[in-house]
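First comes the structure, then the notes that go with it.
The values are calculated or read from the model by the stated rules, or taken from the named source; none is laboratory data. Since the structure is predicted, the reported quantities are computational estimates derived from the model, not experimental observations. Neighbour counts are summed over all protein chains in view; Cβ atoms, including those assigned to glycine, are modelled from backbone coordinates with ideal geometry. Side chains are part of the model used for accessible areas, which takes the heavy atoms of the whole protein and leaves out ligands, DNA and RNA. Shrake-Rupley method; radii C 1.70, N 1.55, O 1.52, S 1.80 Å.
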Amino acid sequence: MKLIKIALLLYALAGCEALFGIDVSPNIPEAATITNACLRLMIVSQQIVNSVNSVGELSFGTFLLQSGATSFVTSVPQAYTALAAIAREVNTVTNANTGNLNTIFSVVLTNLKSFTAVTIDERFAKWLILQNSAFTPDFSTIIQTLNDVTSFFENTAQPGMLRFSSNRITQATFYGTIPKQTVANVAQKLTDMVVYHESVVLPYFNRFGSTMRWASDKMAQFLSNMDSAFQSIDGTLCSTYERFNELNRTFRSEANDMQPSIQSSVAQFAKRMEEFNDLYVGGSSADYALTANDMYNSYLSTIVQQTKVISNSLETVRNNFSDNALESFGDTLASGFKAMTQSILTILSQATTTNKVACTDQVLHKFISDFSSASRKLSDCFSGSDYDVSAPVSGEITTVKDIQKDVAQYFNQLVSAVGGLANSSPLNARMQLDMFLTAFFSESKTITPTILQQLVNMATDLGANYALLIGRSRYCLAMNKAVAVRLATNFPQATFACVS
């Protein structure tokens, strides 16, 4: 780079004899100053372009930040590539020793006016709003300086050079038409703009670009950590969700486990009753069979209904478990993302020194770590022994199996009582059977409602147990979310303290 600068400087000094398409002798010192400023402007413009290009692709999660970041990495290189081209053209015109004067000035004037038609603030508007204006360079000097160059070329240099009748003139002749002070003013303004870019603008872009890159990386780290936390929570939720589905299938299976056996006993009893036509058993056999069927049908319709109630209850609890956890995580993520966005905006607008960025880096690192840990703790609210979703259903499975055993026993008693009896059996045996059946079905008027109520209670108890479980889970989620939200609430204040 040093050799390039020396070569450019030597080139500038060697070309001073030619000025705006005419040879001037002796040299015009101000031309050398203009050339030197142009070459330096080309160099610093390229350095700015390289600096911003090195930032790479930036990614943020909000429109304001993303549009600003995208504008920064595109508008700055575009502007300074164009500015370097103008500097090159001004240098070419300044050192031109031949050519049509109108053509020489026309090209550079067209490009100058095209560039200055749009202010730098307009070019950089989308990302300048991310910056505190107190900490940004005065970009208006670019347009002001180029306007001065345009005015000089258009109103002084071009008409002045056209007055010369020869392509070779003296320095005195030149200054007689184009005042020395006018040329010196333009040369000085170009030099001032270059010095300002070298000392203020370039360091600013280096710092702001680096901060942009750092902020994008921090946001990516935050989102990555939150994605990891969500994957952990989602994995547990999926497992819990499937566990509820499995419990639902298991309960339905257990609730129907003894139905074929019970139904078979009822059918067998009814068939045996059809065989009796004697005075004692036969006289009431149809009523006995009908009563047995009514008892069974009442039991069957109730257990089918309550199985459906329990199945729906399990689906509701399953969905509530998932929805509550996802809602809490969503609220937590939103608070953290909002805090990250606010802090990044604060950092981009006010983090003007290395020390301030270093301070905010420590604060962000701690926040991302602490907030991720707090978010992961949400999974503790629906997993582990304290939130065993199987226990309530396991208890009701035991209950429904016991009820089925009781029902099966009742109907088995009927079948056993009939046993091998028939119309031809001894009268005493048939009389005893008739008395047993009369007493049994009389007692069934009390037994049947009790069984049906047990089935209803089973669904009620399950709902109550899961209500308690969901209540504990919600409380746990609320407490852990509150911890994360508090971290998010305090975080922007800590960031502001760093940059203040």
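First select every other residue whose beta carbon is under 12 angstrom from the beta carbon of SER224; then total the charges, Lys and Arg +1, Asp and Glu -1. Taking every Cβ under 12 Å from that of SER224, the sum is -1. Rolling a 1.4 angstrom probe over the protein heavy atoms with all chains in place gives the chain an accessible area of 47 Å² per residue.
Given +1 at the Cβ of Lys and Arg, -1 at the Cβ of Asp and Glu and no other charges, the dipole of region 13-178 around its Cα centre is 140 debye to the nearest 20. Computed over the alpha carbons of region 219-499, Rg followed by Dmax gives 31.9, 112 Å.
Measuring only protein heavy atoms, the 1.4 Å probe finds MET295 accessible over about 20 Å².
With a 1.4 Å probe and all protein chains kept in place, how do THR150, THR170, THR156 rank by accessible area, largest first? Walk me through the intermediate numbers first.
On the way: THR150 15, THR170 70, THR156 35 Å².
So the residues, ranked largest to smallest area, are THR170, THR156, THR150.
Each of THR211, CYS476, HIS365 was scored by the projection of its Cα onto the charge dipole of the chain, and the greatest displacement toward the positive side belongs to THR211; charges sit on the C-beta of Lys, Arg, Asp and Glu.
About its Cα centre, the dipole of the chain is roughly 1960 debye, where the only charges are +1 on Lys and Arg Cβ and -1 on Asp and Glu Cβ.
Please report the net charge: other residues with Cβ closer than 14 Å to the Cβ of SER373, K and R +1, D and E -1. Could the numbers behind the result be given before it?
Working: positive: LYS366, ARG376, LYS377, LYS481, ARG486; negative: ASP370, ASP380.
So the surrounding residues net to +3.
At the residue level, ASP370 shows approximately 50 square angstrom of accessible surface with a 1.4 angstrom probe and all protein chains present.
This structure gives percent of Cα pairs over 45 Å apart, computed directly, and of (1) 40; (2) 53; (3) 14 that value is listed as (2). Here's the picture: charge each Lys and Arg Cβ at +1 and each Asp and Glu Cβ at -1 in the chain, and of ILE303, LEU333, SER261 the one pushed furthest to the positive end of that dipole is LEU333.
For the chain, calculate the relative contact order in percent as a whole number, restricting contacts to Cα pairs under 8 Å that are 6 or more residues apart.
Values: 525 pairs, mean separation 95.8, N = 500.
Reported as a whole number, the value is 19 percent.
Here's the picture: charge each Lys and Arg Cβ at +1 and each Asp and Glu Cβ at -1 in the chain, and of ALA422, GLN453, VAL499 the one pushed furthest to the positive end of that dipole is VAL499.
For LEU477, LEU452, give me the order by solvent-accessible area with a 1.4 Å probe, most accessible first, ignoring ligands, DNA and RNA. Display every interim value, and only then the final one.
On the way: LEU477 5, LEU452 40 Å².
Heavy-atom accessible area, descending, gives LEU452, LEU477.
When only Cα pairs below 8 angstrom with a gap of at least 6 residues are kept, region 219-499 shows a relative contact order of 39 percent. Once neighbouring chains are kept in place and the probe is 1.4 Å, which whole percent of the accessible area of the chain is contributed by carbon and sulfur? Here it works out to 54 percent. Estimated purely from DSSP H runs of n ≥ 4, each contributing -39500 (n - 2.57), the mean residue ellipticity at 222 nm for the chain is -28500 deg cm²/dmol once divided by its residues.
Which whole number of Å³ per residue matches the convex hull of the alpha-carbon atoms in region 35-181? Could the numbers behind the result be given before it?
Working: hull volume 17.5 nm³, N = 147.
In region 35-181, the Cα hull volume divided by residue count equals 119 Å³.
Ranking CYS381, CYS238, CYS476 by solvent-accessible area of protein heavy atoms (1.4 Å probe, all protein chains present), from largest to smallest, gives CYS238, CYS476, CYS381. From most to least packed by mean Cβ count within 10 Å, the peptides 415-428, 484-497, 331-344 give 331-344, 484-497, 415-428. Taking the Cα centre of region 219-499 as origin and assigning +1 to Lys and Arg Cβ atoms and -1 to Asp and Glu Cβ atoms, the resulting dipole is close to 920 debye.
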